[in-house]
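*Asks:* What follows is a structure written as C-alpha cells; I'll ask about it next.
Each value in this text was obtained by applying a stated rule to the coordinates, not by laboratory testing. The structure presented is a predicted model; accordingly, all values stated were derived computationally and were not measured. Cβ placement follows ideal geometry from the backbone for every residue including glycine, while neighbour counts extend to all protein chains displayed.
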Amino acid sequence: MKIAFIVNNFPVLSQTFILNQITGLIENKNELDIYAIPSDESKVHSDVNKYNLMKRTYYFHTPSSNRVVRLLKSISLTLEKSYKYPILFDWLINGFQYTKEAALPIWMLPYVATPFLPKKPYDIIHCHFGPNGLKGVLLKKMGLTKGKLVTSFHGYDITQYIQNLSKNRYKPLFDIGDLFLPISEHWKQKLIELGCNEKKIIVHRMGVDCNKFSFTPRHPSQDGQIRIVTIARLVEKKGVEYAIRAVAKLGKANENIEYNILGDGPLRENLQQLIQELGVGSTVKLLGWKQQHEVVEILNNSHIMLAPSVTSKNGDQEGIPVVLMEAMAMGIPVVSTLHSGIPELVQDKITGFLVAERDIEALAERLNYLIEHPELWAEMGQAGRKQVEENYDINKLNDRLVNLYQELLTSK
C-alpha cells in the first residue's frame, strides 16, 4: 500500500505514538510519506535516522500570523505553481467553495495542496488529529487524492480545538471521511456525540513495542532511595504542578524521595519557581527532554511513575499517555488520575492507583501508600506488563491497522 500520514509537527520527541505507527507500517513493507509542519526541536528520536524518515517527509509552508502576509503568500504559491498544475487556477475561481466545504479558511488551500501536487496517488491518507482530517477533506475536494481518508483522534482535537467553535466543525470530515480511529472508548463516545456515524468508528489504541522495554520487578534500592518519575511536556494538562506539591508533602517526612521530571515546555520556569518556593530543590529535579535510551535508563532505575493529568482551563485533555504504557511494560506501578482514557489503561488497585484530578492530598496519600508497601510494586508491575502486552502492544496494533486499511480498500 502507498500511504500518506498528515501530522502536526515532525519530528517531535514527545509523539512516539505516531512514530511507532510510521515505523511499524514501513516494517510491514508499505510505502509511506509524511506531511507535516517543520518542528523546531533540536533532538530527534533515533528511529527518525534509523528509518531515514526525513527523506520521506514533505513540509507544508508555515503560514504567517499576519493576515495580509498570509494571503499574499497564498496567492504567490498559487501563481508560482499553477503553470505546471492548472488545478490551482481552479482555486482562484472556486476557492471559497472548496474551503467552505472543508471548514477551512480560503488562504489555506495552496498551503495544504502544494506539497501534494507532484506526488503519486495514495491508497490511504491517514490524518493524525481532527484538524488534519479537514486538510484531507480539502485534498479530496480538489481531486488531489482518491485515497481512503482515515482520521485518528487523540484528545485536544475533540476538546480544546472545538471549545469555541461550532459543534458542526467536523461535519465535512464526518461526511467525507471513510474511517475514524479514536484512541479510546472515551473519545469514541465523544465522536458519536459530535455527530459521527458510529459505523465508521473503530477504537484503535496507540501502543509501545514491548520488546524494547524489558520487564523488571521493582524492589527497594539498597541505598534506600525511592525514585519517582514523570515524563511529560510541561503544559497544564499534564498536571505536573500537582505532582510537585504532592511530592513536597511527602518529602518533609521522607528524605529518601527522589523525584525526576523529564520534559520541557512553556511552564518550565513556573514549575522551577514552585520547586524553589516549596523548598524541595534537593528532591525534585527538572531534567528536560532526554533521548529514548536516556529515558529507558531513568525508567530502569525508577520505582513509581507519577502522571497526574488534568483537564486544562481551555478544555484540553489527554488521550492515553504512551509513557504510561512504557512504564507499565517495564514493571513500574503507576499513580495517575481519573482523566480521559487513562482508566482504560491503568487499572485502579491492580496496576497502580487512580485519584481525582487536582487532588493533591489523594496523590500524596497514594504515593505514600506505595512507598510504605514496596511488596506491592512487583505485583502491580506484573499486572501492568500483562495489560500492555495484551492490549497496547504496537506490533499487534500495527498488524491490525494494516488489516483495517485493507478492509477499507476492498469495501464498496
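*Asks:* Which entry is the computed semi-axes √(5λ) of the Cα gyration tensor in Å for this structure: (1) 37, 28, 18; (2) 33, 25, 19; (3) 41, 22, 19?
*Replies:* (3)
*Asks:* To continue, here is another question. Which net charge results for the neighbourhood of TYR122, defined as the other residues with beta-carbon distances under 12 angstrom from its beta-carbon, given Lys and Arg at +1 and Asp and Glu at -1?
*Replies:* Local net charge: +3.
*Asks:* Given R₀ = 25 Å, what would the calculated FRET efficiency be for GLU375 paired with LEU338, taking r from the Cβ atoms and rounding to 0.05?
*Replies:* My answer for the efficiency is 0.50.
*Asks:* In a shell of Cβ-Cβ distance under 9 Å around ASP178, excluding ASP178 itself, what net charge do Lys and Arg (+1) and Asp and Glu (-1) give?
*Replies:* Result for the local shell: +2.
*Asks:* On to the next question. Between ASP223 and GLU390, what FRET efficiency follows from the Cβ-Cβ distance if R0 is 30 Å, with the result rounded to 0.05?
*Replies:* So the FRET efficiency works out to roughly 0.30.
*Asks:* Scale the Cα Rg of segment 196-305 by the rule-of-thumb value 2.2 N^0.38 Å and send over the ratio, two decimals.
*Replies:* Compactness ratio reported: 1.29.
*Asks:* While we're here: Roughly how many Å is it from the Cα centre of segment 233-255 to that of segment 112-137, as a whole number?
*Replies:* Centre-to-centre distance over Cα atoms comes out at 41 Å.
*Asks:* Tell me, Kirkwood radius of segment 210-391 from alpha-carbon pair distances, in Å?
*Replies:* About 16.0 Å for segment 210-391.
*Asks:* Another question, then. Mind ordering 339-348, 301-310 by average Cβ neighbours within 10 Å, highest first?
*Replies:* 301-310, 339-348
*Asks:* Can you give me the orientation-averaged projected area of the convex hull built on the Cα atoms of segment 1-144, in nm²?
*Replies:* 8.8 nm²
*Asks:* Sorted by mean Cβ packing within 10 Å, highest first, what order do the peptides 328-336, 19-27 take?
*Replies:* 328-336, 19-27
*Asks:* Follow-up. In whole Hz and in residue order, list the ³J(HN,Hα) couplings for segment 244-256 that follow from phi through the Karplus curve 6.51 cos²θ - 1.76 cosθ + 1.60, θ = phi - 60°; x for Gly and Pro.
*Replies:* Each residue of segment 244-256 in turn: 4, 5, 5, 5, 4, 4, 6, x, 5, 9, 9, 7, 8 Hz.
*Asks:* May I ask you to derive the relative contact order of the chain, considering only C-alpha pairs under 8 Å and at least 6 residues apart, and to give it as an integer percent?
*Replies:* Relative contact order for the chain comes out at 15 percent.
*Asks:* Right, next: Can you give me the Cα centroid spacing of segment 324-353 and segment 57-87 in angstrom?
*Replies:* Here the answer is 45 Å between Cα centres.
*Asks:* For the chain, what is the charge dipole size about the Cα centre, in debye to the nearest 20, if Lys and Arg each add +1 at the Cβ and Asp and Glu each add -1 at the Cβ?
*Replies:* That gives a dipole near 1800 debye.
*Asks:* Only residues of segment 372-391 count here: report those whose backbone N is under 16 Å from the spot 7 Å along Cα→Cβ of ILE350, or say none.
*Replies:* Under cut-off, by backbone N: 379-391.
*Asks:* Determine ³J(HN,Hα), in whole Hz, for all residues of segment 372-379 in sequence, where each value follows from phi through the Karplus function 6.51 cos²θ - 1.76 cosθ + 1.60 and θ = phi - 60°; x replaces Gly and Pro.
*Replies:* Result, ordered by residue: 7, 10, x, 5, 7, 4, 5, 5 Hz.
*Asks:* A further question on this structure: Given H placed 1.01 Å from N in the peptide plane, which residues other than close sequence neighbours of TYR58 have an amide H under 5 Å from its amide H?
*Replies:* Counting only residues 5 or more places away or on other chains, the set is ILE34, TYR35, ALA36.
*Asks:* With N residues in segment 84-175, what two-decimal value do you get for its Cα radius of gyration over 2.2 N^0.38 Å?
*Replies:* In units of the globular-protein estimate, segment 84-175 measures up at 1.08.
*Asks:* Checking the table LYS100/LYS188; LYS167/LYS349; LYS43/LYS212; LYS55/LYS100 against a 29 Å threshold on Cα-Cα, which pairs fail?
*Replies:* Beyond 29 Å: LYS167/LYS349; LYS55/LYS100.
*Asks:* Next up: What is the Cα centroid distance between segment 143-186 and segment 283-310, reported in whole angstrom?
*Replies:* Rounded to whole Å, the Cα centres lie 32 Å apart.
*Asks:* For q values of 0.11, 0.12, 0.25 Å⁻¹, compute log₁₀ I(q)/I(0) with the Debye formula on a Cα-only model of segment 169-244, without solvent.
*Replies:* So the normalised log intensities are -0.57, -0.65, -1.09.
*Asks:* Quick one: the Cα spread of segment 297-402 along its three principal axes, in angstroms, biggest first?
*Replies:* Over segment 297-402, Cα extents along the principal axes are 45, 39, 25 Å.
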